[in-house]
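Readers should treat all values here as calculations from the given coordinates under stated rules, not as data from a laboratory. Everything quoted here is computed from the prediction, not taken from an experiment. Positions of Cβ are backbone-derived with ideal geometry, glycine not excepted, and every protein chain shown enters the neighbour counts.
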Amino acid sequence: MIALMVILFVIGYAAIALEHKININKAASALVLCSFLWVIYIFISPDIVANQPEFLEFARQKAGELTNDQLAFDYVTSIQIIEHVGDIAEILFFLMGAMTIVELIDVHGGFSIITDRIKVCNKKKLFWQIIGITFFMSAVLDNLTTSIVMVMMLRKLIKDAKERWIYASMVILSANSGGAFSPIGDVTTIMLWVKGNVTTGGIIPSLIIPSIVSVVVPGLFASRMLKENTTEEQAMCENTLPNNGTLSFISKKEQKTLFFLGVAALLFVPIFKTITHLPPFIGVLLGLSILWLYTEFMYYNKKEMPTESKATISVVLGRIDLTTILFFLGILMAVAALQCAGILSTMATYLDEIFNQNIYIINIIIGLLSSIVDNVPLVAGTMGMYEISQTGVFAQDGTFWHFLAYCAGVGGSILIVGSAAGVVVMGLEKITFGWYLKNISWLALIGYLAGAAVFILTTCL
């Protein structure tokens, strides 16, 4: 039955990776996988949990009430599942709150505060500005949102579609690298941060230099692919955002207020966690509630504004990508089933034996795999394979966890389908897999390895 769980996970993983080929949403595949794995696990749980200290204590408290099989079933449903659901809920609530804040800013044109300031008529200067803005924006916002905002802006600045592909590709690399060093910059770093594997004060100074290197190195090569300036480049200076029904009633002052309130709410979350020791999702929900109150007061004073044009929180919530949330729920619960079955610990032992416990090689391989398959289940699986220790490389803010955050985040740039940012840019710009593989993949690989080398050198010295 253990072998069956592994086979099912591989099949489910393949379905997720081939989402666009088989035309089945990855959320559906993840939820089906999760359900089947837990069904199998509960029937084999009596043999697996029999000698576990936590189960023995649970059985002692209920002595004489149930049979051994019934005790095992009760332990799985009332203890193990509840614990995993609670841990996963922290991540999901955080993501929902952050996604709502970002969407609220976007629908009110708040990001124009950044994009309107890009007035560059030189291609190479624009190129590095795009890289810098994307890199630091993705450290605060999610990579997906950052990529969408930057691509939409590029469409207004770069008329040549093929040349725009170069800029858009660097948006992918910059977004993934920028998200890697921030505890709130990427789903994988959020997972590590929420679970206590890393801290804000630990991960930022450890990864910011390798992350910068991982995007600057390929950027130096990619900038050579740009054409020489032409007289038509004056059009690049024009940067006007399209207006919609909502924006026509929103003042620049209100846009700025929403933008700064939203960014401040996201940046405050790590501070909130440090001060209160409460889970990060409570901090992000606090920030969301403040924005909610502000928008309610803002729209209360706009009597002339049609109701259908009011982008209130209730409207914005309807625009949140719930399929993404369900995907995370499904895949994280599927990984939890493997963890409970002891499969992940067995795999960790196997990897340690093959690579002689070399954490650098293990993480580099994980990063390369993240370019092929989704990095969320990879990181979730790795977190299940290795536990946080009191000291050493697996301690909180240990070398292993920092390097895992870097490799899983940056490694996804090697192939265009290896990250959410890559997939969305591929869809928006119609970038072909072959073009990216030929022109960008080798640059991303060089950047990935260069950043990894910097990290290894700084930790070994």
Original post:
How high is the relative contact order of the stretch 272-380, in percent, counting Cα pairs under 8 Å that sit 6 or more residues apart?
Top reply: 17 percent
**OP:** Please report the relative contact order for the stretch 105-317, taking Cα pairs under 8 Å with a sequence separation of at least 6, and give it as a percent rounded to a whole number.
**Re:** 26 percent
Subject >> Compactness relative to 2.2 N^0.38 Å, alpha carbon Rg of the stretch 105-317 >> reply: 1.12
**OP:** Set the Förster distance to 25 Å, then compute FRET efficiency between T307 and F268 from the Cβ-Cβ distance, nearest 0.05.
**Re:** 0.20
**OP:** Determine the shape class of the stretch 39-171: with a ≥ b ≥ c the square roots of the Cα gyration tensor eigenvalues, call it rounded for a/c under 1.5, and otherwise prolate if a/b is greater than b/c, oblate otherwise.
**Re:** prolate
Original post:
Any number yet on Rg/Rh for the chain, C-alpha, Kirkwood?
Top reply: 1.00
**OP:** Would you please classify the overall shape of the stretch 312-461 from the alpha carbon gyration tensor, given that a ≥ b ≥ c denote the square roots of the eigenvalues, rounded means a/c under 1.5, and beyond that prolate means a/b larger than b/c while oblate covers the rest?
**Re:** oblate
Subject >> Greater than 18 Å apart at Cα, pairs in K123/K430; K125/K430; K159/K256; K123/K227 >> reply: K123/K430; K125/K430; K159/K256
Original post:
If you wrap the stretch 126-182's Cα atoms in a convex hull and average its projection over all directions, what's the area in nm²?
Top reply: 3.2 nm²
**OP:** Enter the Cα centre distance for the pair the stretch 145-202 and the stretch 41-115, rounded to the nearest angstrom.
**Re:** 29 Å
Subject >> the chain: DSSP helices with Cα axial extent of at least 20 Å and average Kyte-Doolittle hydropathy no lower than 0.5 >> reply: 2-17, 26-49, 81-107, 123-140, 143-157, 200-222, 252-276, 280-300, 322-340, 441-460
Original post:
Relative contact order of the chain: what whole-number percent is it, with Cα pairs under 8 angstrom and at least 6 residues apart?
Top reply: 24 percent
Original post:
Can you give the helix-only mean residue ellipticity at 222 nm for the chain, where every DSSP H stretch with n ≥ 4 adds -39500 (n - 2.57) and the sum goes over all residues, rounded to the nearest 500 deg cm²/dmol?
Top reply: -23000 deg cm²/dmol
